[in-house]
1. Look at segment 75-103 and say how many of its residues are assigned to a helix (DSSP H, G or I) and not basic (Lys, Arg).
2. Within segment 29-43, is there a residue that is under 15 Å from Gly8 (Cβ atoms) and part of a helix (DSSP H, G or I)?
3. Being at positive phi and surrounded by fewer than 17 Cβ atoms within 10 Å (Cβ to Cβ) narrows it down to one of Gly67, Gly77, so name that one.
4. Quick check: is even one residue across segment 128-137 surrounded by 12 or more Cβ atoms within 10 Å (Cβ to Cβ), among the hydrophobic types (A, V, I, L, M, F, W, C) and either modelled with pLDDT of 95 or more or outside any helix (DSSP H, G or I) (or both)?
5. Which one is nearest to Ala61 (Cα to Cα), of the residues in segment 1-51 that are charged (D, E, K, R) and surrounded by fewer than 12 Cβ atoms within 10 Å (Cβ to Cβ)?
6. So Ala5 passes all but one of these: (1) in a loop (DSSP other than H, G, I, E, B); (2) farther than 23 Å from Asp113 by Cβ. Which condition number does it fail?
7. Under 6 Å between Cβ atoms, at least 6 apart or on separate chains: pull out the pairs that start in segment 209-232 with a residue that is without any contact (Cβ under 8 Å) to a residue 24 or more places away in the chain and end on any residue that is among the acidic types (Asp, Glu) and surrounded by fewer than 10 Cβ atoms within 10 Å (Cβ to Cβ).
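The values are calculated or read from the model by the stated rules, or taken from the named source; none is laboratory data. Predicted, not measured: the structure shown is a model, and the values here were computed from it. Neighbour counts run over all protein chains shown; Cβ positions are idealised from the backbone, glycine included.
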Amino acid sequence: MFALARQGLVDMASFIPAYRGAAARPDKFCHGFGIFQLDLQFFKTEPDYFLDKRYADFGAALGKCIGELRAAMRRIGWQDKTSLSDLEMAAIAIAYNTGHYNPVKGLKQGYFDGSKYYGENYHAYLQLAAATARPVAAPAGEPMMRGAPPGAPRARALPAAAPAGESGTRGVPTGATRKKSTARKVARKRAAAAKPVAKKAAVKKTAMKTTAVKKTVAKKRTAKKVEAKKGAARKTAATRVAAKRATAKKVRGK
C-alpha cells in the first residue's frame with residue numbers, strides 16, 4: 001500500500017509543481033484516493049478498494065461517496081428524505097465531516113480554517129456552483145426548497161439507492177470492480193516474504209545496539225575501577241611517605 005501511495009504522489013508531482021517538494025522526500029505519500037478523496041485510514045477495513053485501485057473507477061468511487069453520504073443522513077435521522085435544500089445538503093456534509101450535526105449551530109460546524117467553518121465553506125461553494133451553472137427548468141411537480149421565495153432554485157432530488165450487488169451508478173456491477181489482480185497477489189506475496197527478513201534484520205540490529213551499549217558500559221566500569229585502584233595506590237603511597245617523615249622527625253628529636 002505504501003508503494004502504491006508513494007507512486008501516486010510521484011505521479012502527481014510530475015504534473016503539479018506544488019507536490020514536488022513532498023515527492024522529493026522518500027517518506028511522503030498520498031493520503032486521499034479517488035475523485036471523492038477516500039482517506040487512507042479506511043485501508044484497514046477495506047484494503048481491496050485501495051489495492052485494486054477501485055478509486056480510479058468513477059462508478060465505484062461514486063458508489064462509495066453516495067454510501068458515505070447516505071450513512072451521514074442516517075446519523076441525523078434524514079434517511080427517508082427524497083429531496084434536499086442547499087442548507088440540508090450542507091447539514092449532511094457537516095455530518096460527514098464531523099460525524100454529527102447540531103441544528104442550533106447551523107453552518108458554523110466542522111473544520112475551521114481560521115476564518116470559516118467547513119459548513120460555511122461548503123454552502124458558499126454550493127451557491128457559487130449554482131450561480132455559474134446553466135439554468136435548467138425544473139420538472140413539473142418537483143418540490144421547491146423550504147422557505148425559498150418564488151423563482152428560487154428548486155430542491156435537488158436524491159439519486160435512487162443502488163440495487164443490491166451494484167455500485168452507486170446504475171448498471172455498474174460492484175463485482176466488476178472486485179476482480180483479484182495478479183499484481184496485487186504478487187505484491188502481497190512479496191510483502192509476506194519480506195516480513196520475516198525485515199523482522200530478522202530488526203532483531204539483529206537491536207542485538208547489535210544492545211551489544212554496543214553493553215561494551216560501552218563495560219568500558220566505563222573498567223575505567224572507573226582502574227582509576228579507583230590508581231587513587232587508592234596514590235593514597236597508600238602518600239600515607240607511607242607521611243609515616244616515614246614522622247618517624248624521621250622523632251629520630252632527629254632524640
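1. Within segment 75-103, the subset assigned to a helix (DSSP H, G or I) is 75, 86-98.
Narrowing the set further to residues that are not basic (Lys, Arg) leaves 86-98.
Within segment 75-103, residues that are assigned to a helix (DSSP H, G or I) and not basic (Lys, Arg) number 13.
2. Yes, segment 29-43 contains a residue that is under 15 Å from Gly8 (Cβ atoms) and part of a helix (DSSP H, G or I).
3. Working: Gly67 fails: at positive phi.
Just one listed residue meets the conditions, Gly77.
4. As a first pass, look at segment 128-137 and keep what is surrounded by 12 or more Cβ atoms within 10 Å (Cβ to Cβ): 130.
Of the ones still in play, those that are also among the hydrophobic types (A, V, I, L, M, F, W, C) are 130.
With either modelled with pLDDT of 95 or more or outside any helix (DSSP H, G or I) (or both) added as a condition, the list becomes none.
Within segment 128-137, not a single residue is surrounded by 12 or more Cβ atoms within 10 Å (Cβ to Cβ), among the hydrophobic types (A, V, I, L, M, F, W, C) and either modelled with pLDDT of 95 or more or outside any helix (DSSP H, G or I) (or both).
5. First, the residues of segment 1-51 that are charged (D, E, K, R): 6, 11, 20, 25, 27-28, 39, 44, 46, 48.
With the extra rule that they be surrounded by fewer than 12 Cβ atoms within 10 Å (Cβ to Cβ), the set shrinks to 25, 27, 39, 44.
Numbers: Arg25: 29, Asp27: 27, Asp39: 12, Lys44: 18 Å.
Across segment 1-51, the extreme among qualifying residues is Asp39.
6. All conditions pass for Ala5, except number (1).
7. Close Cβ pairs satisfying both conditions: none exist.
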